[in-house]
Amino acid sequence: MECLFAFVSAKQCQALRCELQSRQLLSLKLRCIKHCGEVGIPVKENVEHDVDIVCAADGSFLLKGIPFHIVKKKIFMPCPRKERFRKAIEALMRSRGLWDGSLKAEIPTSWEKYGDLLLFNGEKYFKSLVWSEAGSELWTDVCAVLNGKRVALKSHVSSDGFRTPDVQLTWGDSSWVEFVDNEIRYSWDVTKCMFSAGNAPERHRVAKFRCEGEVVVDMYAGIGYFTLPYLIHAGAQLVHACEWNPSAVIALRKNLIQNKVSERCIIHEGDNQQVVQLCNIADRVNLGLLPSSASGWQVACKVLKSTGGMLHVHGNVTSGIDKANVRTGLHNCNFKTNETVLCMGCEHILICETSNRFLNETCKQSFGFDGNELFVRNDLVSWKKAEWKVWAIHVSHSIYSSLWEVHKVPWRVSVLHLHHVKSYAPHIDHLVLDLHCEPFV
């Protein structure tokens, strides 16, 4: 297609662009181009008719003292892949006499790609039975446009305790895929194991930890989402990987071998509350289970060294629904280092100094204190939402209680960091709370 460009010297480009924009003469769908030391600003067809633009005898123009010349150039406008995809699928269905306007909403606008396998949300796309009438040609066209060889459709995650994905392979022979992230090779069966691309920020954060000489316990290892970053990048001396999904264990073993770190990992297969006979061995414990890892907090406190260590607690936190319930009692809003932190119903911890036990409706259970409270050690901790803070303090209280019960000595549980991994629309956030735990001895 042919478009008009106002060519001007690079030094005067911004000034001319501002003048043209103020007169609504810019063509906003196009970008500037460079040619022979000048910058071409895309402009509308009526640019020459603006009353403030003066035309010189040599055919050039002047606007507010800025000289420029207008050139009509042919440019290639590539069709975006999503648009090409939509057109190809619509054309196929029309050619088969199967097209209906309502099908447009079922043509995917987003997808996941692992190697040559394309994974679509089957609850949103390709739902109608009419798609199956297009036969194998539908999937060959899908693969041709999106450069894939296999197609799978996913539904909701099963509530079987293994978080098994409901994925159907609709085109291709094998459901095993390989994906490289941060120089780590992950392999798994998409019909039997989950992999969340949205957890990449946390995987990359773990990779930056300094864990040389440390023993790490990964309570919910899966296929090695966090086990592998701890071993490969963070430099952990040894990782105990706990996992009860047999299919995930198969993938985990494969991933440890292909990343050449199997000799530094011990796999504990089964329910970590029953099979893990570990005690007082971990410098760091990872609790990467969603929507809540609370079922593993007691075990985590048991495996943590009696001298202390780090806990990384994952959880989904709901916010913004009932603001009345997060209104109050959030003390110490500046959160400077070592200031006391109390959740909503706990102010009487300080008032009733003679009592070392209390029951808090927010925390749902009793916790023991010896007169020492919980602390935020990092004054850069961000409490973006009130609910995040309530959750963080509840977790801290619960961990304190478990540590007291396991070790029979008072501990200090300090918040080092609260990391936001991702959001689920509209009110749920995946958070990771970094807790430093040390006994008062």
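The values are calculated or read from the model by the stated rules, or taken from the named source; none is laboratory data. Quantities reported herein were computed from a predicted structural model and do not represent experimental measurements. In this analysis, Cβ positions are derived from the backbone assuming ideal geometry, glycine residues included, and neighbour counts consider all displayed protein chains.
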task = Determine whether segment 60-83 contains at least one residue that is over 42 Å from the mean Cα position of the chain (by Cα), part of a loop (DSSP other than H, G, I, E, B) and small (Gly, Ala, Ser).
result = yes
task = List every residue pair whose Cβ atoms sit under 7 Å apart, with the two residues 6 or more apart in sequence or on different chains, where the first one lies in segment 392-406 and is outside the structural domain of residue 419 (by TED's automatic domain parsing) and over 13 Å from residue 299 (Cα atoms) and the second, anywhere, is aliphatic (A, V, I, L, M) and buried (at least 22 other Cβ atoms within 10 Å of the Cβ).
result = none
message = Among the residues of segment 281-302, are any assigned by TED's automatic domain parsing to the domain that holds residue 211, surrounded by fewer than 18 Cβ atoms within 10 Å (Cβ to Cβ), over 27 Å from the mean Cα position of the chain (by Cα) and assigned to a loop (DSSP other than H, G, I, E, B)?
response = yes
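Every residue, every condition in (1) touching a residue at least 60 places away in the same chain (Cβ under 8 Å); (2) closer than 30 Å to residue 134 by Cα; (3) surrounded by fewer than 11 Cβ atoms within 10 Å (Cβ to Cβ); (4) outside the structural domain of residue 147 (by TED's automatic domain parsing), yes or no:
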| position | (1), (2), (3), (4) |
| --- | --- |
| 8 | yes, no, no, yes |
| 13 | no, no, no, yes |
| 40 | no, no, no, yes |
| 43 | no, no, no, yes |
| 48 | no, no, no, yes |
| 85 | yes, yes, no, no |
request  = Name every residue in segment 198-219 that is in contact with an Asp or Glu (Cβ under 7 Å, 6 or more places away or on another chain) and part of a loop (DSSP other than H, G, I, E, B), in order of residue number.
outcome  = 214
key: Selection count, segment 5-58, where residues are hydrophobic (A, V, I, L, M, F, W, C), modelled with pLDDT of 90 or more and over 42 Å from the mean Cα position of the chain (by Cα)   = 3
query = Does segment 144-153 include one or more residues that are within 18 Å of the chain's Cα centre (by Cα) and surrounded by 19 or more Cβ atoms within 10 Å (Cβ to Cβ)?
reply = no
note = Flagged in segment 95-135 as within 21 Å of residue 177 (Cα to Cα), surrounded by fewer than 16 Cβ atoms within 10 Å (Cβ to Cβ) and small (Gly, Ala, Ser), in numbering order, are 110, 115
remark   = Going through segment 136-154 in order, the residues found to be in a helix (DSSP H, G or I) and either touching a residue at least 40 places away in the same chain (Cβ under 8 Å) or among the polar types (S, T, N, Q) (or both) are 136, 137, 138, 140, 141, 142, 144, 145, 146
